[in-house]
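Worksheet for the structure shown next.
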Amino acid sequence: MEFQSLDEELRQLDLKLSQLKRDYDQYFLGNRPREPALARGEINKTIVRLSNMAIKNTALRFKFSSLCSRFQAFRRQWDDTLRQIDAGTYQRHRFKARLQEQASAGPSDAGCEPGDEKDLYQSYVEARLACGESVKGISRQRLRRVIEAQRAELRARFGDDAEFRFRVSIEDGKVRLKASRSQD
């Protein structure tokens with residue numbers, strides 16, 4: 001195989017590997033319904049085929065070796081995560097399961113009354129950690145101020161006598177606070 005075609009094939013392999021990493025990240029976040037096993041298999045076949053070739057150019061051999069190492073590291077990480085998912089110990093899935101349990105248990109468990117912000121704060125922090133978001137600068141007081149500001153804005157819009165409950169929600173891999181009207 002000549003130099004330019006091998007260089008182009010390695011460049012394409014690098015792009016496919018980066019895309020596969022993004023696809024697995026989306027799968028583990030729950031934004032993809034199925035594991036990207038087909039793309040993983042194609043990359044694996046390409047690596048096996050190129051491994052059986054004698055690459056004479058040192059720079060291309062180094063680039064290929066680096067790509068192989070990256071792919072192996074990703075494979076170990078993905079396989080570990082898949083094992084955790086199968087065992088039911090994957091953190092993000094455990095958090096989502098807890099949110100589903102809270103939602104199905106009823107609004108008293110999933111929401112936040114004016115004095116019940118302790119559970120909401122804990123859920124909010126856990127959700128941010130599970131989604132890979134920073135929790136730096138988040139405190140109970142700051143969350144309480146945000147909730148009160150939203151509550152005041154909602155009361156201005158819907159009437160002063162309206163009561164609202166807040167819950168933690170994950171949409172598109174981002175943590176959100178959702179308000180709903182309390183049913184008295």
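Bear in mind that the values in this text are calculations on the coordinates, not laboratory data. This structure is a prediction, so every number in the text was calculated from the model and none was measured. Here Cβ is always computed from backbone atoms with ideal geometry, including for glycine, and neighbour counts include all displayed protein chains.
Taking θ as phi - 60° and the Karplus parameters 6.51, -1.76 and 1.60, the scalar couplings of the stretch 144-151 work out to 4, 5, 5, 5, 5, 5, 5, 4 Hz in sequence order, x denoting glycine and proline. Listed here are the pairs 63/136; 136/178; 63/174; which of them are more than 31 Å apart at the Cα? Going by Cα-Cα distance, 63/136; 63/174 fall outside the 31 Å limit.
Using every pair of separate Cα atoms, the Kirkwood estimate puts the hydrodynamic radius of the stretch 3-87 at 13.8 angstrom.
Database remark: amide H of residue 163 closer than 5 angstrom to the amide H of 182 (H placed geometrically; neighbours at sequence offset of 5 or more, or on other chains; Pro and chain starts carry no H). Here the Karplus relation 6.51 cos²θ - 1.76 cosθ + 1.60, evaluated at θ = phi - 60°, turns the backbone of the stretch 120-134 into coupling constants of 5, 4, 4, 5, 5, 5, 4, 5, 4, 5, 5, 8, x, 8, 6 Hz, with x for every Gly and Pro.
Sort 9, 171 so that the residue with the fewest other Cβ atoms within 10 Å of its own Cβ comes first and the one with the most comes last. Can you show the working numbers first?
Numbers: 9 16, 171 8.
Least to most surrounded, the residues fall as 171, 9.
Subtracting the Cα-Cα distance of residue 174 and residue 56 from 0.36 nm times their residue separation leaves 37.8 nm of extension gain.
For residue 14 and residue 68 in the same chain, what is the full-extension length gain: residue separation times 0.36 nm, less their Cα-Cα distance, in nm?
Values: separation 54, 0.36 × 54 = 19.44 nm, distance 0.98 nm.
Additional length available on full extension: 18.5 nm.
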